[in-house]
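Below: the structure, in structure tokens.
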Amino acid sequence: MKLNQILAQWTRPAALLAAIAMTHTLANAQTVSDIVKKGKVTIGVVSGAPPFGTTDAEGKPAGYDVDVANLVAKYMAVPVEIVPLTSPSRIPALESGKVDFLVATLAPTPERLDRLVELQRHLLELGAEQVRPGGRLVYAVCSLLSREGAGQIDRFLEHRSSWIRDETPISAGRLDGGGRLLTPGHDRTDGFFVARMRRPC
């Protein structure tokens, strides 16, 4: 199943958590509504890292990350500005507000993982605030680590006990806590975790 098919299937009835991923700081975090009111979403991608980020024959940003960024903007229903970045400029661009968020790979370090887990928790809370009663929240992360996957969902539901774990609508992957874990060996995909939760009416 292609990425756009998975996103379409999961996000039509749900708050699009990816749309607020990697806000520039926790203290000054934007919501989806903030970005929509602005009338445009600015997304940073790393160029020079094919197939994720490259340039086409006309010198425009292209690649997997650009496709994802365009898809996110489509679901937000706002125009998108793609900002090509180098690897060292990713985090500074995010923290300075030059971009609203990133669609880019990041090499793991213990310190970066701690910050990322904290950010993911914050994003789940922001996403939950956007969900109407009876609506659904989708959480997806490109990681095999429980801290970023099932552990995040467990913690979220501990603090929001009225929310309900929703059955995942894809058959790929294996059950892992409150979601499904897809792995290269089992599913021939990148490793990622995905879960869907429903807010009570």
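Here, each number is a calculation from the coordinates, and none is a lab measurement. As the structure is a prediction and not an experimental result, all values here were calculated from the model. Note: ideal-geometry Cβ built from the backbone for every residue, glycine included; neighbour counts use all protein chains shown.
Points worth noting:
- Per-residue packing, averaged as other Cβ atoms within 10 Å, sorts the ranges 141-147, 192-198 into the order 192-198, 141-147, beginning with the highest.
- Among Tyr139, Tyr75, a tally of other beta-carbon atoms within 10 Å of each Cβ gives an order, fewest to most, of Tyr75, Tyr139.
- Extension gain, Ser87 back to Ser33 (0.36 nm per residue minus Cα-Cα distance, nm): 16.6 nm
- With 0.36 nm allotted per residue and the present C-alpha distance subtracted, the Glu111-Thr55 stretch has 17.0 nm of extension available.
- Pairwise inverse Cα distances across the range 107-201, averaged and inverted, put the Kirkwood hydrodynamic radius at 13.7 Å.
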